Amino acid sequence: MRRLVFITQQVDPGHPALAATVPKIRALAGLVEEVVVLADRVLPGTLPDNCRILSFASRTKAGRGMRFEAAMAKELARRPRPVGIVAHMCPIYAVLAAPLARPLGVPLLLWFTHWKRTRTLEAAEKASTAVVSVDRRSFPIDSPKVVAIGHGIDLDEFPCRPEGQQANDFRVASLGRYSRAKGLETIVRGVALAMEHGLDVRLEVHGPALSAAEREHRADLERLVGELGLDSRIRLDAAVLRSGVPEVLHRADCLVNNMEAGAPDKIVYEAGASCLPVIASNPVFDELLDGLLVPLQFARSDAEQLAARIERLAMMTPAQRASIGRVLRERVAAGHSVQHWAEQILEVAQR
């Protein structure tokens, strides 16, 4: 029996940051006889029947670590041993699992896609058999262990937006946490410049503010929008449920993403899957955005260039923008679907 262990923080389709983990686990469950999910919390009824849940929840950090180690040791003692262990986005999981897994020859894969390099991440890279990420550039350490496998987008969850819809104004969407790393100030200023140039445009921002720093940044952005006199044109809203993301994408004419280089936001690929044109600054999106009818990348802090990209896209006909969207969906399907992601996880584990 092929069994895979998947370690993550939470499994909850409504979580503002971790909801996309659910289709990844479901895809893995379709390829093996059993997925053992080791997590702090799993929402009941979320996963297929061949997923077995182990919790390391505890009131203290030390308690979580002890429960983690005990559950992992018990799981590794079972036969046949797992074909692999996947540590999802938290490097400490790989660090804790390695002393138990590596001596037994069980492959340990760290899935990580972010720009931030830490000592724990450096230790996790050394401890892991392999590191899997969206792109080699989406892992902040230059390592021969890194394997690019795409982002894992559920294409059924993000159907192609209807063609032919046309509004009087041009609608821009941006989704993600209210973190300074998201570059939202440049997006606000770019949209404001496009308005100054005569474009009838609106911006809709959705995202959670999960920390004091993020709440402070959202307040700063609200002040900026007020100073620009654009309260009726720029909306800074809370996060939408994951089930509501497709609706936001379907009513937009384009998505703008300005995440710091090294962290390819999954919303860009979700927008592409929805056949929605995307304007992005992160160089890692070159394979998705190169060779289209118009340039769709911009320098991260260049609001003028962003305004020009928005204006150029707005000048196109709906049919031309739809043709860009179809190409983006084809590219996401080819290299970033959740099925492709799950297949690559198993392939890397079994090398």
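The values are calculated or read from the model by the stated rules, or taken from the named source; none is laboratory data. All values reported here derive from a predicted model rather than from experimental measurement. Here Cβ is always computed from backbone atoms with ideal geometry, including for glycine, and neighbour counts include all displayed protein chains. When the accessible area is computed, the model is the full protein with side chains, heavy atoms only, and any ligands, DNA or RNA have been set aside. Shrake-Rupley method; radii C 1.70, N 1.55, O 1.52, S 1.80 Å.
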- Among the candidates Leu289, Leu293, residue that is open to solvent by less than 10 Å² (accessible area, probe 1.4 Å) and among the hydrophobic types (A, V, I, L, M, F, W, C): Leu289
- Query: Quick one: in the range 1-19, which of the residues that are touching a Pro at 6+ places or on another chain (Cβ under 9 Å) and open to solvent by less than 10 Å² (accessible area, probe 1.4 Å) is farthest from Met72 (Cα to Cα)?
  - Reply: Ala19
- Query: Is it the case that Val327 is free of Cβ contacts under 8 Å to residues at least 40 places away in the same chain, among the aliphatic types (A, V, I, L, M) and open to solvent by less than 60 Å² (accessible area, probe 1.4 Å)?
  - Reply: yes
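Give the residues of the range 261-283 that are of a type outside the set (Gly, Ala, Ser) and under 13 Å from the mean Cα position of the chain (by Cα), sorted by residue number.
Within the range 261-283, the subset of a type outside the set (Gly, Ala, Ser) is 264-270, 275-279, 282-283.
Hits for the range 261-283 are Pro264, Asp265, Lys266, Ile267, Val268, Tyr269, Glu270.
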- Flagged in the range 40-53 as crowded, with 17+ Cβ neighbours inside 10 Å and either farther than 17 Å from Val5 by Cβ or modelled with pLDDT of 95 or more (or both), in numbering order, are Thr46, Leu47, Cys51
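Scan Leu76, Leu96 and give me the residue that is modelled with pLDDT of 95 or more, assigned to a helix (DSSP H, G or I), in contact with an Asp or Glu (Cβ under 7 Å, 6 or more places away or on another chain) and surrounded by 14 or more Cβ atoms within 10 Å (Cβ to Cβ). Walk me through how you get there before you give the answer.
On the way: Leu76 fails: in contact with an Asp or Glu (Cβ under 7 Å, 6 or more places away or on another chain).
Unique residue meeting the criteria: Leu96.
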- Item | Residue list for the range 170-192, filter: assigned to a helix (DSSP H, G or I) and surrounded by fewer than 20 Cβ atoms within 10 Å (Cβ to Cβ) | Arg180, Ala181, Glu185, Arg189
- Message: For the range 68-79, check the following and say yes or no: at least one residue is free of Cβ contacts under 8 Å to residues at least 60 places away in the same chain and touching a Gly at 6+ places or on another chain (Cβ under 9 Å).
- Response: no
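Which residue out of Glu69, Glu34 is touching a strand residue (DSSP E or B) at 6+ places or on another chain (Cβ under 7 Å) and open to solvent by 20 Å² or more (accessible area, probe 1.4 Å)? Spell out the reasoning first.
Details: Glu69 fails: touching a strand residue (DSSP E or B) at 6+ places or on another chain (Cβ under 7 Å).
So the residue among Glu69, Glu34 that is touching a strand residue (DSSP E or B) at 6+ places or on another chain (Cβ under 7 Å) and open to solvent by 20 Å² or more (accessible area, probe 1.4 Å) is Glu34.
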- Check on Glu227, more than 25 Å from Gly325 (Cα to Cα), in contact with a strand residue (DSSP E or B) (Cβ under 8 Å, 6 or more places away or on another chain), open to solvent by 10 Å² or more (accessible area, probe 1.4 Å) and free of Cβ contacts under 8 Å to residues at least 60 places away in the same chain: no
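Take Gln305 and tell me if it is at pLDDT 95 or above, touching a Phe, Trp or Tyr at 6+ places or on another chain (Cβ under 6 Å), under 20 Å from Met195 (Cα atoms) and open to solvent by 10 Å² or more (accessible area, probe 1.4 Å).
Values: at pLDDT 95 or above: yes; touching a Phe, Trp or Tyr at 6+ places or on another chain (Cβ under 6 Å): yes; under 20 Å from Met195 (Cα atoms): yes; open to solvent by 10 Å² or more (accessible area, probe 1.4 Å): yes.
Here the answer is yes, as Gln305 does meet what is asked.
From Leu313, Leu289, Leu293, grab the single residue that is closer than 27 Å to Ala19 by Cα, more than 15 Å from the chain's Cα centre (by Cα) and not hydroxyl-bearing (Ser, Thr, Tyr). Can you show your working first?
Details: Leu313 fails: closer than 27 Å to Ala19 by Cα; Leu293 fails: closer than 27 Å to Ala19 by Cα.
Matching residue, one of Leu313, Leu289, Leu293: Leu289.
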- Does the range 140-148 include one or more residues that are assigned to a loop (DSSP other than H, G, I, E, B), in contact with a strand residue (DSSP E or B) (Cβ under 8 Å, 6 or more places away or on another chain) and surrounded by 20 or more Cβ atoms within 10 Å (Cβ to Cβ)? no
- Kindly establish whether Ala239 is surrounded by 14 or more Cβ atoms within 10 Å (Cβ to Cβ), out of contact with any helix residue (DSSP H, G or I) (no Cβ under 7 Å at 6 or more places or on another chain) and at negative phi. yes
- Query: Residue check, Glu270 against (1) at pLDDT below 95; (2) crowded, with 22+ Cβ neighbours inside 10 Å, all met but one. Which one?
  - Reply: (1)
